[in-house]
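The values are calculated or read from the model by the stated rules, or taken from the named source; none is laboratory data. All figures in this text were calculated on a predicted structure; none of them were measured in a lab. Here the Cβ positions follow ideal geometry from the backbone for every residue, glycine too, while neighbour counts run over all protein chains shown.
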Amino acid sequence: MIARRTLLAAAASSLAARPGWASWSPRRIVTIVVPYPAGGATDVFARIVAREIAPELGQNVVVENAPGASGAVGTRRVARAEPDGHTLVLSTNQTHATNISLLRDGGGYDPVRDFTMLGGLADLQHLLVVRKDLPVRTVAEFLALGKAATPKLTCASTGIGSASHLTMELFRAKTGIDLVHVPYRGAAPLLQDLVGGRVDLAFATVPTVLGQVQAGELRALAVASPSPSPQVPDAPILSREGVAGVDADAWIAIFGPAGLPGEIRDRYAGLIRAALARPEVAAAAAAQGMLLNWREPESFGRFQQADIQRWADIIRAANVSTE
């Protein structure tokens, strides 16, 4: 997580280096498309961003939910929008890293060529959680049970090709434990069956399971991340428990259509960078189970392309298909 002082220093440095970044202003309402249903962590975060940048832009900034096809419906819409700064998309590693390897024709857009990167915003860590009556309390106990279990343990996900599914595939590849994949249509039915004991475990983002973990309805064994979870501090880092190579943070970033002028890109990057430095924004993000992690357009663009290749390799090795 980037400290507020660091973010503010970066904002001041960028302002000095780009004296023209603040000259552009939108001519009408700005729309941030969220390619997921209302009420989820991504949607909530988009509304926080919209609220914070609207006063500086001098225009209303509205959030429009356009779910469907693993986020491809809303994302494709922004790919085809005019590059005039009035239509943006708040997206995830699903829409901008894995769909290209999972969906027919990549969902109808190219996650790099068809967009202008404005910046990386936040990360969502995955927790390894188990039903509360599974007889394990540590990763070592879980690994032993997973290798010996008959029948095999069942692992829920939020759908074939979802981040939770791909994290499970990465875990299986690194441990050799053959879990039975049980895909659900979203987080709500997954949680219902996991809390109800009808499936054994899941790799789920912190926002998805935080309430159930805190209430003792699920047990968090580890975090599949290079960093501890601020919201679930008792969960050890998976790599420190003998399972290396399963760092699987999901991420949120913001894009405009391809061809967005540099002046507009820099304007948004500066405003969002400054917004993320505000304590109230950090607190709101933490309440959603997110780790703020501002990354500049150029550096995040390089990270995105590496992430596309990383997950493409995992998808190919596990023979994952959504068709």
| remark: Reported set for region 113-136 where residues are surrounded by fewer than 20 Cβ atoms within 10 Å (Cβ to Cβ) and not acidic (Asp, Glu) is Arg113, Lys132, Leu134, Pro135, Val136
| request: Say whether the condition of being assigned to a helix (DSSP H, G or I), modelled with pLDDT under 95 and at positive phi is met by at least one residue in region 20-33. | output: no
| field | Considering residues of region 193-223 that are of a type in the set (S, T, N, Q) and in a helix (DSSP H, G or I) only, the residue surrounded by the most Cβ atoms within 10 Å (Cβ to Cβ) | value | Thr208
| task | Among the residues of region 166-181, write down those that are among the aliphatic types (A, V, I, L, M) and touching a helix residue (DSSP H, G or I) at 6+ places or on another chain (Cβ under 8 Å). | result | Leu166, Leu170, Ala173, Ile177, Leu179
| note | When region 56-105 is checked residue by residue, the ones that are crowded, with 17+ Cβ neighbours inside 10 Å and of a type in the set (Gly, Ala, Ser) are Ala66, Ala69, Ser70, Gly71, Ala72, Gly74, Ala79, Ala81, Gly85, Ser91, Ala97, Ser101
| Which one of the conditions (1) touching a helix residue (DSSP H, G or I) at 6+ places or on another chain (Cβ under 7 Å); (2) outside the structural domain of Ala187 (by TED's automatic domain parsing); (3) of a type outside the set (Lys, Arg); (4) in a loop (DSSP other than H, G, I, E, B) does Val136 fail to meet, given that it meets all the rest? | (2)
| request: Would you be able to say whether some residue in region 254-272 is surrounded by fewer than 22 Cβ atoms within 10 Å (Cβ to Cβ) and among the hydroxyl-bearing types (Ser, Thr, Tyr)? | output: no
| said: Given the criterion under 30 Å from Val33 (Cα atoms) and either among the β-branched types (Val, Ile, Thr) or free of Cβ contacts under 8 Å to residues at least 12 places away in the same chain (or both), identify the matching residue among Val213, Val199, Val206. | reply: Val206
| So which of Ala269, Ala274, Ala220 is farther than 24 Å from Arg51 by Cα, at pLDDT 95 or above and among the hydrophobic types (A, V, I, L, M, F, W, C)? | Ala220
| request: State whether one or more residues within region 180-188 are in the same structural domain as Val223 (by TED's automatic domain parsing), assigned to a helix (DSSP H, G or I) and within 18 Å of the chain's Cα centre (by Cα). | output: yes
| message | Going by what's in this entry, would Gly161 be described as outside the structural domain of Ala312 (by TED's automatic domain parsing) and either aromatic (Phe, Trp, Tyr) or within 15 Å of the chain's Cα centre (by Cα) (or both)? | response | yes
